[in-house]
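First up is the structure itself, then whatever we jot down about it.
The values are calculated or read from the model by the stated rules, or taken from the named source; none is laboratory data. Since the model is a prediction, treat every value here as computed from it, not as a measurement. Every residue, glycine among them, receives a Cβ derived from its backbone with ideal geometry; neighbour counts consider all protein chains shown. Ligands, DNA and RNA are excluded from the accessible area calculation, which covers all protein heavy atoms including side chains. Shrake-Rupley method; radii C 1.70, N 1.55, O 1.52, S 1.80 Å.
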Amino acid sequence: MKNTNTNTQPDPIGNKQDSRAGWMVLILTLTIQSLATMVLLVPPVMAPVLSAQLGVPAGYIGFYIAVAYLSAMLSSLSAGAMLTIVGPIRLSALCILSSAIGLTLFVMVPSVVTLALAGIFIGLGYGPVTPCSSQILIKNTPMHRLSLIFSIKQTGVPLGGVLAAIIMPSLQDMVGWRSALGVVCVMLLICAVVSLFTPRSWEPDASGVRKSFREEFLGALRTIYRIPVLRTLAICSFCFSICQLTLMTYAITFLHEEVGMSMVLAGVFLSVSQAAGVIGRILWGYLADHFFSTWSMLMVLAVGMLLSAVGVFYIDANASDWWVIIIFAVFGATAIGWNGVYLAEVAKRAPEGKSGSITGGTLAVTYLGVVLGPPAIGLVSQAAGGFGYGFLSLLLPTIASIILLGRTRKHFQRR
(Lines give C-alpha, C1' and ligand atoms only; values in the text may rest on other atoms or scores of the structure.)
Protein backbone atom coordinates (compact mmCIF):
# COMPACT_ATOMS: atom_id res chain seq x y z
CA MET A 1 0.00 0.00 0.00
CA LYS A 2 1.56 3.27 -1.01
CA ASN A 3 1.94 5.95 1.62
CA THR A 4 -0.37 8.82 0.70
CA ASN A 5 0.82 11.32 3.27
CA THR A 6 0.74 14.87 1.96
CA ASN A 7 3.52 17.29 2.61
CA THR A 8 2.21 20.25 4.57
CA GLN A 9 5.63 21.78 5.20
CA PRO A 10 8.05 23.65 2.98
CA ASP A 11 10.83 21.37 1.76
CA PRO A 12 13.92 22.45 3.69
CA ILE A 13 16.00 19.81 1.94
CA GLY A 14 14.56 20.66 -1.42
CA ASN A 15 15.43 24.29 -2.19
CA LYS A 16 18.83 25.85 -2.56
CA GLN A 17 19.03 28.02 0.55
CA ASP A 18 17.43 25.63 3.03
CA SER A 19 19.04 22.51 1.58
CA ARG A 20 22.30 23.13 3.37
CA ALA A 21 20.60 23.77 6.72
CA GLY A 22 18.46 20.63 6.36
CA TRP A 23 21.45 18.41 5.70
CA MET A 24 23.51 20.09 8.44
CA VAL A 25 20.71 19.35 10.92
CA LEU A 26 20.74 15.71 9.83
CA ILE A 27 24.54 15.52 10.16
CA LEU A 28 24.40 17.12 13.63
CA THR A 29 21.70 14.77 14.96
CA LEU A 30 23.39 11.74 13.39
CA THR A 31 26.73 12.69 14.98
CA ILE A 32 25.18 13.20 18.41
CA GLN A 33 23.29 9.89 18.18
CA SER A 34 26.45 8.04 17.12
CA LEU A 35 28.61 9.47 19.90
CA ALA A 36 25.92 8.96 22.55
CA THR A 37 25.59 5.31 21.52
CA MET A 38 29.34 4.83 21.24
CA VAL A 39 30.02 6.03 24.79
CA LEU A 40 27.16 3.89 26.09
CA LEU A 41 28.77 0.78 24.58
CA VAL A 42 32.42 1.56 25.43
CA PRO A 43 32.44 -0.29 28.82
CA PRO A 44 30.95 -3.52 27.39
CA VAL A 45 33.42 -3.43 24.47
CA MET A 46 36.31 -2.98 26.94
CA ALA A 47 34.85 -5.46 29.45
CA PRO A 48 37.85 -7.86 29.53
CA VAL A 49 40.29 -5.05 30.32
CA LEU A 50 38.01 -3.21 32.72
CA SER A 51 37.14 -6.39 34.62
CA ALA A 52 40.85 -7.10 35.09
CA GLN A 53 41.46 -3.55 36.31
CA LEU A 54 38.54 -3.70 38.74
CA GLY A 55 39.21 -7.27 39.85
CA VAL A 56 35.67 -8.48 39.09
CA PRO A 57 34.26 -11.01 36.58
CA ALA A 58 33.50 -9.59 33.13
CA GLY A 59 29.84 -10.43 33.69
CA TYR A 60 29.66 -7.63 36.26
CA ILE A 61 29.96 -5.13 33.41
CA GLY A 62 26.47 -6.24 32.40
CA PHE A 63 25.08 -4.46 35.46
CA TYR A 64 26.40 -1.24 33.95
CA ILE A 65 24.08 -1.70 30.95
CA ALA A 66 21.07 -2.22 33.23
CA VAL A 67 21.90 0.91 35.25
CA ALA A 68 22.52 2.96 32.09
CA TYR A 69 19.24 2.00 30.44
CA LEU A 70 17.23 2.51 33.61
CA SER A 71 18.67 6.03 33.77
CA ALA A 72 17.92 6.50 30.07
CA MET A 73 14.32 5.43 30.62
CA LEU A 74 13.85 8.02 33.38
CA SER A 75 15.57 10.83 31.50
CA SER A 76 13.62 10.17 28.31
CA LEU A 77 10.40 10.65 30.30
CA SER A 78 11.67 13.99 31.57
CA ALA A 79 12.78 15.12 28.10
CA GLY A 80 9.53 16.99 27.44
CA ALA A 81 9.91 19.19 30.50
CA MET A 82 13.58 19.87 29.78
CA LEU A 83 12.88 20.71 26.13
CA THR A 84 10.55 23.54 27.15
CA ILE A 85 13.37 25.07 29.19
CA VAL A 86 16.53 24.79 27.08
CA GLY A 87 15.47 23.65 23.60
CA PRO A 88 16.45 20.46 21.76
CA ILE A 89 19.93 21.40 20.49
CA ARG A 90 21.12 22.85 23.80
CA LEU A 91 19.64 19.87 25.64
CA SER A 92 21.53 17.57 23.25
CA ALA A 93 24.76 19.36 24.19
CA LEU A 94 23.97 18.90 27.89
CA CYS A 95 23.33 15.20 27.24
CA ILE A 96 26.75 14.82 25.64
CA LEU A 97 28.33 16.68 28.57
CA SER A 98 26.57 14.35 31.03
CA SER A 99 28.09 11.35 29.26
CA ALA A 100 31.54 13.00 29.34
CA ILE A 101 31.19 13.64 33.09
CA GLY A 102 30.27 10.02 33.77
CA LEU A 103 33.19 8.66 31.76
CA THR A 104 35.60 11.15 33.36
CA LEU A 105 34.57 10.06 36.86
CA PHE A 106 35.42 6.47 36.03
CA VAL A 107 38.76 7.41 34.42
CA MET A 108 39.78 9.43 37.47
CA VAL A 109 38.72 6.84 40.07
CA PRO A 110 38.22 3.41 38.45
CA SER A 111 36.02 1.23 40.65
CA VAL A 112 32.76 -0.69 40.54
CA VAL A 113 31.04 2.26 42.24
CA THR A 114 32.28 4.85 39.74
CA LEU A 115 31.38 2.49 36.88
CA ALA A 116 27.82 2.47 38.21
CA LEU A 117 27.92 6.27 38.50
CA ALA A 118 29.21 6.44 34.95
CA GLY A 119 26.25 4.32 33.90
CA ILE A 120 23.88 6.77 35.60
CA PHE A 121 25.41 9.86 33.95
CA ILE A 122 25.75 8.21 30.54
CA GLY A 123 22.17 6.88 30.73
CA LEU A 124 20.85 10.28 31.76
CA GLY A 125 22.60 11.72 28.72
CA TYR A 126 21.45 8.99 26.36
CA GLY A 127 17.73 9.10 27.15
CA PRO A 128 16.80 12.58 25.78
CA VAL A 129 18.99 12.40 22.65
CA THR A 130 16.31 10.82 20.45
CA PRO A 131 13.44 13.06 21.67
CA CYS A 132 15.69 16.07 20.99
CA SER A 133 16.53 14.95 17.47
CA SER A 134 12.87 14.19 16.76
CA GLN A 135 11.88 17.73 17.67
CA ILE A 136 14.69 19.17 15.52
CA LEU A 137 14.03 16.96 12.51
CA ILE A 138 10.25 17.34 12.53
CA LYS A 139 10.77 21.07 11.90
CA ASN A 140 13.50 20.76 9.28
CA THR A 141 12.23 17.78 7.26
CA PRO A 142 9.32 17.60 4.78
CA MET A 143 6.70 15.01 5.60
CA HIS A 144 7.24 13.01 2.43
CA ARG A 145 10.87 12.36 3.47
CA LEU A 146 10.36 12.00 7.19
CA SER A 147 10.70 8.20 7.50
CA LEU A 148 13.88 8.19 5.39
CA ILE A 149 15.54 11.06 7.26
CA PHE A 150 14.61 9.62 10.66
CA SER A 151 15.93 6.25 9.55
CA ILE A 152 19.23 7.75 8.39
CA LYS A 153 19.57 9.52 11.74
CA GLN A 154 18.82 6.30 13.59
CA THR A 155 21.68 4.54 11.82
CA GLY A 156 23.68 6.39 14.47
CA VAL A 157 22.77 3.59 16.92
CA PRO A 158 24.42 0.68 15.07
CA LEU A 159 27.07 3.09 13.76
CA GLY A 160 27.95 4.00 17.35
CA GLY A 161 28.26 0.30 18.15
CA VAL A 162 30.55 -0.24 15.17
CA LEU A 163 32.71 2.75 16.17
CA ALA A 164 33.05 1.44 19.72
CA ALA A 165 33.95 -2.06 18.50
CA ILE A 166 36.47 -0.86 15.91
CA ILE A 167 38.10 2.15 17.59
CA MET A 168 38.35 1.23 21.26
CA PRO A 169 40.36 -2.03 21.11
CA SER A 170 42.97 -0.50 18.78
CA LEU A 171 43.12 2.75 20.73
CA GLN A 172 43.48 0.85 23.97
CA ASP A 173 46.43 -1.14 22.56
CA MET A 174 48.15 2.04 21.40
CA VAL A 175 47.73 4.36 24.40
CA GLY A 176 46.27 2.29 27.25
CA TRP A 177 42.71 2.02 28.51
CA ARG A 178 42.65 5.29 30.51
CA SER A 179 43.98 7.40 27.65
CA ALA A 180 41.57 5.66 25.27
CA LEU A 181 38.63 6.67 27.46
CA GLY A 182 40.14 10.15 27.71
CA VAL A 183 40.09 10.46 23.92
CA VAL A 184 36.38 9.60 23.94
CA CYS A 185 35.77 12.32 26.55
CA VAL A 186 37.53 14.89 24.34
CA MET A 187 35.38 13.84 21.36
CA LEU A 188 32.25 14.33 23.45
CA LEU A 189 33.35 17.78 24.63
CA ILE A 190 34.10 18.92 21.08
CA CYS A 191 30.67 17.75 19.90
CA ALA A 192 28.95 19.54 22.80
CA VAL A 193 30.76 22.83 22.07
CA VAL A 194 29.97 22.66 18.35
CA SER A 195 26.30 22.00 19.17
CA LEU A 196 26.11 25.09 21.37
CA PHE A 197 27.15 27.32 18.45
CA THR A 198 24.56 26.06 15.96
CA PRO A 199 21.91 28.54 14.71
CA ARG A 200 18.82 29.01 16.86
CA SER A 201 16.74 28.90 13.67
CA TRP A 202 17.29 25.13 13.51
CA GLU A 203 15.18 24.67 16.62
CA PRO A 204 11.37 24.84 16.83
CA ASP A 205 9.93 28.03 18.29
CA ALA A 206 9.62 27.85 22.04
CA SER A 207 6.09 27.41 23.33
CA GLY A 208 6.68 29.94 26.09
CA VAL A 209 5.00 27.58 28.54
CA ARG A 210 7.22 25.76 31.00
CA LYS A 211 5.72 22.70 32.55
CA SER A 212 6.94 20.63 35.42
CA PHE A 213 8.32 17.14 34.96
CA ARG A 214 5.12 15.72 36.40
CA GLU A 215 2.89 17.69 34.01
CA GLU A 216 4.95 16.76 30.94
CA PHE A 217 5.40 13.16 32.03
CA LEU A 218 1.74 12.51 32.82
CA GLY A 219 0.60 14.56 29.84
CA ALA A 220 2.77 12.56 27.45
CA LEU A 221 1.59 9.23 28.86
CA ARG A 222 -2.05 10.34 28.69
CA THR A 223 -1.64 11.37 25.05
CA ILE A 224 0.08 8.10 24.15
CA TYR A 225 -2.66 6.09 25.86
CA ARG A 226 -5.46 8.17 24.32
CA ILE A 227 -4.25 7.94 20.70
CA PRO A 228 -4.51 4.30 19.50
CA VAL A 229 -1.66 4.58 16.98
CA LEU A 230 0.76 5.97 19.57
CA ARG A 231 -0.31 3.31 22.07
CA THR A 232 0.30 0.58 19.49
CA LEU A 233 3.66 2.03 18.50
CA ALA A 234 4.80 2.16 22.13
CA ILE A 235 3.81 -1.46 22.83
CA CYS A 236 5.35 -2.67 19.56
CA SER A 237 8.58 -0.85 20.40
CA PHE A 238 8.65 -2.72 23.73
CA CYS A 239 8.33 -6.05 21.90
CA PHE A 240 10.75 -5.13 19.11
CA SER A 241 13.41 -3.91 21.57
CA ILE A 242 13.33 -7.33 23.26
CA CYS A 243 14.18 -8.92 19.90
CA GLN A 244 16.85 -6.32 19.18
CA LEU A 245 18.71 -6.65 22.48
CA THR A 246 18.36 -10.43 22.55
CA LEU A 247 20.14 -10.60 19.19
CA MET A 248 22.90 -8.24 20.30
CA THR A 249 23.33 -9.82 23.75
CA TYR A 250 23.18 -13.55 23.13
CA ALA A 251 24.12 -14.17 19.49
CA ILE A 252 27.84 -14.70 20.09
CA THR A 253 27.23 -16.85 23.18
CA PHE A 254 24.76 -19.03 21.28
CA LEU A 255 26.98 -19.46 18.22
CA HIS A 256 30.12 -20.12 20.24
CA GLU A 257 28.90 -22.27 23.11
CA GLU A 258 26.01 -24.16 21.52
CA VAL A 259 26.81 -24.27 17.81
CA GLY A 260 30.55 -24.65 18.34
CA MET A 261 31.82 -21.71 16.29
CA SER A 262 34.99 -19.83 17.14
CA MET A 263 34.60 -16.45 18.83
CA VAL A 264 36.00 -14.74 15.72
CA LEU A 265 33.51 -16.39 13.36
CA ALA A 266 30.63 -15.75 15.77
CA GLY A 267 31.68 -12.09 15.88
CA VAL A 268 31.65 -11.96 12.08
CA PHE A 269 28.06 -13.22 11.97
CA LEU A 270 27.00 -10.64 14.59
CA SER A 271 28.72 -7.89 12.59
CA VAL A 272 26.71 -9.06 9.56
CA SER A 273 23.51 -8.44 11.53
CA GLN A 274 24.75 -4.97 12.57
CA ALA A 275 25.60 -4.02 8.99
CA ALA A 276 22.21 -5.32 7.84
CA GLY A 277 20.62 -3.20 10.56
CA VAL A 278 22.24 -0.04 9.15
CA ILE A 279 21.10 -0.88 5.61
CA GLY A 280 17.67 -1.89 6.87
CA ARG A 281 17.07 1.36 8.71
CA ILE A 282 17.64 3.36 5.54
CA LEU A 283 15.81 0.95 3.23
CA TRP A 284 12.71 0.62 5.41
CA GLY A 285 12.52 4.39 5.80
CA TYR A 286 12.68 4.88 2.03
CA LEU A 287 10.04 2.22 1.39
CA ALA A 288 7.75 3.68 4.08
CA ASP A 289 8.00 7.12 2.45
CA HIS A 290 7.46 6.05 -1.14
CA PHE A 291 5.78 2.66 -1.49
CA PHE A 292 4.23 1.30 1.71
CA SER A 293 2.30 2.62 4.67
CA THR A 294 3.98 2.64 8.06
CA TRP A 295 1.54 -0.04 9.22
CA SER A 296 2.51 -2.35 6.34
CA MET A 297 6.20 -1.75 6.99
CA LEU A 298 5.92 -2.53 10.71
CA MET A 299 3.93 -5.68 9.97
CA VAL A 300 6.59 -6.89 7.53
CA LEU A 301 9.33 -6.18 10.10
CA ALA A 302 7.47 -8.07 12.84
CA VAL A 303 7.04 -11.10 10.57
CA GLY A 304 10.74 -10.87 9.65
CA MET A 305 11.75 -10.97 13.32
CA LEU A 306 9.47 -13.94 13.94
CA LEU A 307 10.90 -15.97 11.05
CA SER A 308 14.46 -15.02 12.00
CA ALA A 309 13.98 -16.17 15.58
CA VAL A 310 12.73 -19.54 14.33
CA GLY A 311 15.67 -19.69 11.92
CA VAL A 312 18.21 -19.12 14.70
CA PHE A 313 16.63 -21.93 16.74
CA TYR A 314 17.34 -24.39 13.90
CA ILE A 315 21.00 -23.39 13.46
CA ASP A 316 23.32 -26.22 14.48
CA ALA A 317 26.88 -27.37 13.83
CA ASN A 318 25.86 -28.70 10.40
CA ALA A 319 24.37 -25.43 9.16
CA SER A 320 26.20 -23.85 6.21
CA ASP A 321 27.86 -20.47 6.72
CA TRP A 322 25.76 -18.94 3.94
CA TRP A 323 22.53 -20.06 5.62
CA VAL A 324 23.68 -18.55 8.92
CA ILE A 325 24.60 -15.32 7.13
CA ILE A 326 21.14 -15.09 5.55
CA ILE A 327 19.39 -15.69 8.87
CA PHE A 328 21.46 -13.13 10.75
CA ALA A 329 21.23 -10.60 7.92
CA VAL A 330 17.42 -10.80 7.95
CA PHE A 331 17.38 -10.77 11.75
CA GLY A 332 19.59 -7.67 11.89
CA ALA A 333 17.75 -5.86 9.10
CA THR A 334 14.43 -6.29 10.93
CA ALA A 335 15.26 -6.40 14.65
CA ILE A 336 17.80 -3.56 14.41
CA GLY A 337 16.25 -1.74 11.46
CA TRP A 338 12.77 -0.85 12.73
CA ASN A 339 13.55 2.23 14.85
CA GLY A 340 13.56 4.93 12.18
CA VAL A 341 10.13 4.04 10.76
CA TYR A 342 8.71 3.82 14.29
CA LEU A 343 10.14 7.17 15.45
CA ALA A 344 9.03 8.97 12.29
CA GLU A 345 5.45 7.76 12.79
CA VAL A 346 5.53 8.81 16.46
CA ALA A 347 6.66 12.30 15.41
CA LYS A 348 3.90 12.48 12.78
CA ARG A 349 1.16 11.45 15.20
CA ALA A 350 2.30 13.63 18.10
CA PRO A 351 0.35 16.86 18.69
CA GLU A 352 2.03 19.92 17.23
CA GLY A 353 5.02 21.03 19.29
CA LYS A 354 4.94 17.83 21.36
CA SER A 355 7.04 15.49 19.22
CA GLY A 356 9.90 15.61 21.74
CA SER A 357 7.86 14.78 24.84
CA ILE A 358 5.76 12.14 23.05
CA THR A 359 8.90 10.52 21.63
CA GLY A 360 10.36 10.51 25.13
CA GLY A 361 7.24 8.83 26.49
CA THR A 362 7.22 6.08 23.88
CA LEU A 363 10.98 5.57 24.26
CA ALA A 364 10.51 4.98 27.98
CA VAL A 365 8.39 1.98 26.99
CA THR A 366 11.08 0.97 24.48
CA TYR A 367 13.81 1.11 27.12
CA LEU A 368 11.64 -0.93 29.47
CA GLY A 369 11.85 -3.71 26.90
CA VAL A 370 15.63 -3.26 26.80
CA VAL A 371 15.87 -3.55 30.59
CA LEU A 372 13.45 -6.47 31.04
CA GLY A 373 13.89 -8.42 27.79
CA PRO A 374 17.45 -9.80 27.85
CA PRO A 375 17.29 -10.96 31.51
CA ALA A 376 13.96 -12.66 30.83
CA ILE A 377 15.32 -14.38 27.71
CA GLY A 378 18.38 -15.41 29.73
CA LEU A 379 16.18 -17.04 32.37
CA VAL A 380 14.14 -18.83 29.69
CA SER A 381 17.36 -20.09 28.09
CA GLN A 382 18.70 -21.34 31.41
CA ALA A 383 15.44 -23.09 32.30
CA ALA A 384 14.98 -24.63 28.84
CA GLY A 385 18.59 -25.74 28.46
CA GLY A 386 19.95 -23.47 25.74
CA PHE A 387 19.91 -20.06 24.10
CA GLY A 388 18.25 -21.56 21.04
CA TYR A 389 15.10 -21.84 23.12
CA GLY A 390 15.62 -18.27 24.26
CA PHE A 391 15.55 -17.09 20.65
CA LEU A 392 12.52 -19.28 19.98
CA SER A 393 10.71 -17.59 22.87
CA LEU A 394 10.84 -14.36 20.84
CA LEU A 395 7.77 -15.78 19.11
CA LEU A 396 5.76 -14.41 22.03
CA PRO A 397 6.55 -10.68 21.60
CA THR A 398 6.56 -10.87 17.79
CA ILE A 399 3.17 -12.60 17.60
CA ALA A 400 1.80 -10.12 20.15
CA SER A 401 3.00 -7.26 17.91
CA ILE A 402 1.42 -8.80 14.81
CA ILE A 403 -1.92 -9.26 16.58
CA LEU A 404 -1.85 -5.71 17.95
CA LEU A 405 -0.98 -4.20 14.57
CA GLY A 406 -3.77 -6.23 12.98
CA ARG A 407 -6.31 -4.94 15.47
CA THR A 408 -5.32 -1.26 15.01
CA ARG A 409 -4.86 -1.15 11.23
CA LYS A 410 -7.84 1.15 10.71
CA HIS A 411 -6.37 3.70 13.12
CA PHE A 412 -3.13 3.89 11.10
CA GLN A 413 -5.21 4.75 8.01
CA ARG A 414 -6.66 7.82 9.71
CA ARG A 415 -4.89 11.18 9.70
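Candidates Leu124, Leu148: the one that is on the phi < 0 side of the Ramachandran plot, in a helix (DSSP H, G or I), surrounded by 21 or more Cβ atoms within 10 Å (Cβ to Cβ) and free of Cβ contacts under 8 Å to residues at least 60 places away in the same chain is Leu124. Looking at the range 317-325, is at least one residue under 26 Å from Ala364 (Cα atoms) and either free of Cβ contacts under 8 Å to residues at least 60 places away in the same chain or not in a helix (DSSP H, G or I) (or both)? No: the range 317-325 contains no residue that is under 26 Å from Ala364 (Cα atoms) and either free of Cβ contacts under 8 Å to residues at least 60 places away in the same chain or not in a helix (DSSP H, G or I) (or both).
So which helices (runs of 4 or more DSSP H) stay within the range 363-415 end to end and still have 1 or more residues that are under 17 Å from Thr232 (Cβ atoms)?
Details: elements: 387-392, 395-407, 409-412.
Once the helices (runs of 4 or more DSSP H) in the range 363-415 are filtered for at least 1 residues that are under 17 Å from Thr232 (Cβ atoms), what remains is 395-407, 409-412.
For the range 318-329, does any single residue satisfy the condition of being open to solvent by 10 Å² or more (accessible area, probe 1.4 Å) and under 23 Å from Arg409 (Cα atoms)? The answer is no; no qualifying residue exists. Taking the range 102-121 as the range and being in a helix (DSSP H, G or I) and either out of contact with any Leu (no Cβ under 8 Å at 6 or more places or on another chain) or polar (S, T, N, Q) (or both) as the test, the residues that pass are Thr104, Met108, Val113, Thr114, Ala116, Gly119, Ile120. Here is a check on your reading of the model: is Ala335 buried (at least 24 other Cβ atoms within 10 Å of the Cβ) and within 19 Å of Lys139 (Cβ to Cβ)? It is false that Ala335 is buried (at least 24 other Cβ atoms within 10 Å of the Cβ) and within 19 Å of Lys139 (Cβ to Cβ).
Quick test for you: out of Arg231, Arg214, Arg222, pick the one residue that is among the charged types (D, E, K, R), part of a helix (DSSP H, G or I) and at pLDDT 85 or above. Don't jump to the end; show me each part of the working.
On the way: Arg214 fails: at pLDDT 85 or above; Arg222 fails: at pLDDT 85 or above.
After applying the criteria, what remains is Arg231.
Checking each residue in the range 78-97 for being touching a Gly at 6+ places or on another chain (Cβ under 6 Å) and either open to solvent by 20 Å² or more (accessible area, probe 1.4 Å) or in a loop (DSSP other than H, G, I, E, B) (or both) picks out no residue at all.
Here Leu395 clears all of (1) more than 22 Å from Thr253 (Cα to Cα); (2) hydrophobic (A, V, I, L, M, F, W, C); (3) open to solvent by 20 Å² or more (accessible area, probe 1.4 Å) except the condition numbered (1). Given the condition open to solvent by 10 Å² or more (accessible area, probe 1.4 Å), within 17 Å of Cys236 (Cβ to Cβ) and in a helix (DSSP H, G or I), answer yes or no: does some residue in the range 340-356 qualify? Within the range 340-356, one or more residues are open to solvent by 10 Å² or more (accessible area, probe 1.4 Å), within 17 Å of Cys236 (Cβ to Cβ) and in a helix (DSSP H, G or I).
Checking each residue in the range 138-172 for being more than 22 Å from Tyr126 (Cα to Cα) and modelled with pLDDT of 80 or more picks out Leu171, Gln172. Across the range 243-284, the qualifying residues are those that are among the polar types (S, T, N, Q), farther than 11 Å from Ala329 by Cα and open to solvent by 30 Å² or more (accessible area, probe 1.4 Å), and the one among them that is nearest to the chain's Cα centre (by Cα) is Thr249. Here is the figure for the range 285-314: residues that are open to solvent by less than 30 Å² (accessible area, probe 1.4 Å) and either of a type in the set (Asp, Glu) or farther than 21 Å from Ile399 by Cα (or both) total 3.
Among residues of the range 181-205 being closer than 16 Å to Met108 by Cα and without any contact (Cβ under 8 Å) to a residue 60 or more places away in the chain, the one that is surrounded by the most Cβ atoms within 10 Å (Cβ to Cβ) is Val183. Residue pairs whose Cβ atoms lie under 7 Å apart, separated by 6 or more positions or on different chains, with the first residue in the range 391-408 and touching a residue at least 24 places away in the same chain (Cβ under 8 Å) and the second surrounded by 18 or more Cβ atoms within 10 Å (Cβ to Cβ) and of a type in the set (S, T, N, Q), are Phe391/Thr246; Leu394/Thr246; Leu404/Thr232; Leu405/Thr232; Thr408/Thr232.
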